[in-house]
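Just below is one structure, and these are the notes that go with it.
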Amino acid sequence: MAAKDLFHDAVRMALEKEEWVITDDPLKVELGGAKFEADSLRSRKGDNSEMDKLDFYRQCIQDILSEYASIPVSNGKIDTHLIFDVQRDRYQVVNIGWDGYRRVHGCVLHLDIIDGKIWVQHNATEMRIGHELVAMGVPKEEIILGFQAPQFREYTEFGVA
């Protein structure tokens, strides 16, 4: 018998008894071609404060960037570093190392939380990070593609600022 069968219903009932709302069961997320499935996504009933929203956004950003950084760079001797400045809500993935005789040092992903919205400031990956955030439950209008010129943001499917 699978572990989910043994514990899933008991945990779900306990959470619902504590007035938690199960929003997805199971929650299915695709990240960089890999598919993940979580038993459930939970949010406390009535807890929609700005701080809860920001904590949720911080966790989403950190999860996505950590997952990306866990994939080794295939060429050269390049290390991937995570930079999380939670106090100022700035998050980056930086590659540092050597590819043969070529020095590699640069920001690959940069996200900020500004005025309660997630700003994708730089994305030098193939990952569609805005879509990954939406799949995690972040509303599209709360995601700003900061690398797009302000006059063109209204033509994206995301927020304008």
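Of the residues that make up segment 23-35, is at least one of a type in the set (Ser, Thr, Tyr), under 30 Å from Gly146 (Cα atoms), in contact with a strand residue (DSSP E or B) (Cβ under 6 Å, 6 or more places away or on another chain) and at pLDDT 95 or above? No, segment 23-35 has no match at all. Filtering segment 128-161 to residues that are of a type in the set (Phe, Trp, Tyr) and open to solvent by 50 Å² or more (accessible area, probe 1.4 Å) leaves Phe147, Phe152, Tyr155.
Restricting the first residue to segment 62-84 and requiring it to be assigned to a strand (DSSP E or B), which pairs with a second residue that is open to solvent by 60 Å² or more (accessible area, probe 1.4 Å) meet a Cβ separation below 6 Å and a spacing of at least six or different chains? Pairs found: Lys77/Trp98.
Among (1) open to solvent by 70 Å² or more (accessible area, probe 1.4 Å); (2) outside any strand (DSSP E or B); (3) at pLDDT 95 or above, where does Tyr57 come up short? Single failed check for Tyr57: (1). Of all the criteria given as (1) polar (S, T, N, Q); (2) open to solvent by 40 Å² or more (accessible area, probe 1.4 Å); (3) in contact with a strand residue (DSSP E or B) (Cβ under 9 Å, 6 or more places away or on another chain), the one not satisfied by Ser74 is (3).
Residues of segment 88-127 that are exposed (fewer than 14 other Cβ atoms within 10 Å of the Cβ), of a type outside the set (S, T, N, Q) and not in a strand (DSSP E or B): Arg88, Gly100, Tyr101, Asp115, Gly116, Ala124, Glu126.
When Leu41 is tested against (1) of a type in the set (A, V, I, L, M); (2) modelled with pLDDT under 95; (3) more than 30 Å from Glu16 (Cα to Cα), exactly one condition is not met: (3). Right, Asp9: modelled with pLDDT of 95 or more and either loosely packed, with under 11 Cβ neighbours inside 10 Å or under 17 Å from the mean Cα position of the chain (by Cα) (or both) or not? Criteria not met by Asp9. Kindly establish whether Phe84 is open to solvent by 50 Å² or more (accessible area, probe 1.4 Å), closer than 18 Å to Phe56 by Cβ and at pLDDT 95 or above. When the stated conditions are applied, Phe84 passes them.
The values are calculated or read from the model by the stated rules, or taken from the named source; none is laboratory data. If you're wondering where the values come from, they're calculated on a predicted model, not measured in any experiment. We place every Cβ from the backbone using ideal geometry, glycine too, and count neighbours over all the protein chains shown. Side chains included, ligands, DNA and RNA excluded: accessible areas come from the protein's heavy atoms. Shrake-Rupley method; radii C 1.70, N 1.55, O 1.52, S 1.80 Å.
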